[in-house]
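Below is one structure, written out as structure tokens, with a few remarks after it.
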Amino acid sequence: AHPELVDFHNITLLRFWGDRHCDAITGDTCRQYVRDRMAGKLGRMVTASTARRELETLQATLNFAVKNSKLRFAPPVHMPRKAPQRKTWLIRSAVAMLLAGALGFTPGYYDIATRQPMLEIKHWVRLHKPLYHVARFILIAFYTGTRHEAVLRLRWLPNVNGGWFDLDHGKLYRKGEGERETNKRRPPAPIHECLLRHLARWRGLTINGPVEYAGKMILREKRGFALARERACLGREVTPHVLRHTCATLLLQAGLPTWEVAGYLGTSAKVIESTYGHHDPDYMKRAATAILGTKLGTRTVREVKNAS
């Protein structure tokens, strides 16, 4: 599905295992690979999560070789533990700050006492060149909760490589006509009316799709997003995927049922419950009221003590 990513992973994998046979893939060599990768001996220094993703590519390669009768069995690849899942999300004012940073604005006033920038939008001034494609990416990812890569592939017309916007019927189709369905589902969804007005305007300003730069579609929204985040004085934990977390969290906080949020985002209700369920206003409400009966939460501390 991502040959360019496999090629990138192969660079460091071949530096370590290129002159060895498959029986050299053991727990000791896998752990040594992770240590060398994190120490920068095979290229730039990376985290354990990045080394794990590269080892996952190695495991997929071995499984592919078995499937095509190149190997009798695939030696197990020992990987470091998965990093805890990120659950960072933004409040609406922080999304506005990020959008302002993409449009070239940055805090222009500082508090004299603390020497910290005044983050209220009314104190911001435009000092930089606007990154309009980043601003369009932020709005689409925020309003639709679509994954990073799927947003970048969105176009104005049906195509085989990615999704498209049906502005006449107000529908977003996240998956291209020639793309196969994967475990990362991309179902169609209605377009928010605020976003629909933006899209109608962007349609006359772009050629292929809303998130394009100089008339060409981009593969990764990284440098521009980092600039917008820096101008908005937000931390490095704010990544493009955080906008998907933000969409899911705000939908749950608005009281939408879990199954409806899952359908809108293109994931399972189980994932929504495990990752974002604690943001639901009714989260564990029944459990709290069931401890001493249905009146728990309405009784005062004095009434509870008297009853005991």
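The values are calculated or read from the model by the stated rules, or taken from the named source; none is laboratory data. Note that the structure is a prediction, hence the values are computed from the model and not measured. Here the Cβ is made from the backbone with ideal geometry for all residues, glycine too, and neighbour counts use every protein chain on show. All accessible areas refer to the heavy atoms of the entire protein, side chains included, with ligands and DNA or RNA removed. Shrake-Rupley method; radii C 1.70, N 1.55, O 1.52, S 1.80 Å.
Could you check, for the range 102-109, whether at least one of its residues is more than 30 Å from Leu251 (Cα to Cα), in a loop (DSSP other than H, G, I, E, B), free of Cβ contacts under 8 Å to residues at least 40 places away in the same chain and open to solvent by 80 Å² or more (accessible area, probe 1.4 Å)?
yes
Testing Thr267 on (1) at pLDDT 80 or above; (2) touching a helix residue (DSSP H, G or I) at 6+ places or on another chain (Cβ under 9 Å); (3) within 26 Å of Met97 (Cβ to Cβ), one condition comes back false. Which one is that?
In the conditions (1) at pLDDT 80 or above; (2) touching a helix residue (DSSP H, G or I) at 6+ places or on another chain (Cβ under 9 Å); (3) within 26 Å of Met97 (Cβ to Cβ), Thr267 misses (3) alone.
Here is a check on your reading of the model: is Leu42 crowded, with 19+ Cβ neighbours inside 10 Å, within 22 Å of the chain's Cα centre (by Cα) and of a type outside the set (Lys, Arg)? Lay out the reasoning, then the answer.
Working: crowded, with 19+ Cβ neighbours inside 10 Å: yes; within 22 Å of the chain's Cα centre (by Cα): no; of a type outside the set (Lys, Arg): yes.
Answer is no for this residue.
Go through the range 248-269 and give me each residue that's among the hydrophobic types (A, V, I, L, M, F, W, C), under 24 Å from Leu167 (Cα atoms) and open to solvent by less than 10 Å² (accessible area, probe 1.4 Å).
Keep residues of the range 248-269 that are among the hydrophobic types (A, V, I, L, M, F, W, C), which gives 248, 250-252, 254, 256, 259, 261-262, 265, 269.
Among the residues that remain, those that are also under 24 Å from Leu167 (Cα atoms) are: 248, 251, 261-262, 265.
If the condition is that a residue be among the hydrophobic types (A, V, I, L, M, F, W, C), under 24 Å from Leu167 (Cα atoms) and open to solvent by less than 10 Å² (accessible area, probe 1.4 Å), then Ala248, Val261, Ala262, Leu265 are the ones that fit.
Any idea how many residues of the range 200-238 are closer than 20 Å to Arg147 by Cβ, open to solvent by less than 80 Å² (accessible area, probe 1.4 Å) and free of Cβ contacts under 8 Å to residues at least 40 places away in the same chain?
Residues that pass the stated criteria total 1.
Quickly run through the range 105-138 and pick out the residues that are among the hydrophobic types (A, V, I, L, M, F, W, C) and more than 28 Å from Tyr213 (Cα to Cα). Spell out how you get there, then give the answer.
Here is the first cut: in the range 105-138, the ones among the hydrophobic types (A, V, I, L, M, F, W, C) are 105, 112-113, 118-119, 121, 124-125, 127, 131, 134-135, 137-138.
The answer is Ile112, Ala113, Met118, Leu119.
From Leu152, Leu119, Leu157, Leu131, which residue is closer than 21 Å to Leu219 by Cβ and open to solvent by 40 Å² or more (accessible area, probe 1.4 Å)? Before you say what the answer is, go through the steps one by one.
Working: Leu152 fails: open to solvent by 40 Å² or more (accessible area, probe 1.4 Å); Leu119 fails: closer than 21 Å to Leu219 by Cβ; Leu131 fails: open to solvent by 40 Å² or more (accessible area, probe 1.4 Å).
Within the list Leu152, Leu119, Leu157, Leu131, the selection yields Leu157.
Residues checked against (1) part of a helix (DSSP H, G or I); (2) aromatic (Phe, Trp, Tyr); (3) on the phi > 0 side of the Ramachandran plot; (4) within 20 Å of the chain's Cα centre (by Cα):
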{"position": "Met38", "(1), (2), (3), (4)": "yes, no, no, no"}
{"position": "Glu56", "(1), (2), (3), (4)": "yes, no, no, yes"}
{"position": "Phe64", "(1), (2), (3), (4)": "yes, yes, no, no"}
{"position": "Leu71", "(1), (2), (3), (4)": "no, no, no, no"}
{"position": "Val77", "(1), (2), (3), (4)": "no, no, no, no"}
{"position": "Pro84", "(1), (2), (3), (4)": "no, no, no, yes"}
{"position": "Thr88", "(1), (2), (3), (4)": "no, no, no, yes"}
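For the range 223-263, how many residues are in a helix (DSSP H, G or I), of a type outside the set (A, V, I, L, M, F, W, C) and closer than 24 Å to Pro188 by Cβ? Steps first, answer last, please.
Filtering the range 223-263 for residues in a helix (DSSP H, G or I) gives 223-231, 242-253, 258-263.
Those left that are additionally of a type outside the set (A, V, I, L, M, F, W, C): 223-224, 229-231, 244-246, 249, 253, 258, 260, 263.
Retained after the next criterion (residues that are closer than 24 Å to Pro188 by Cβ): 244-246, 249, 258, 260, 263.
The qualifying residues number 7.
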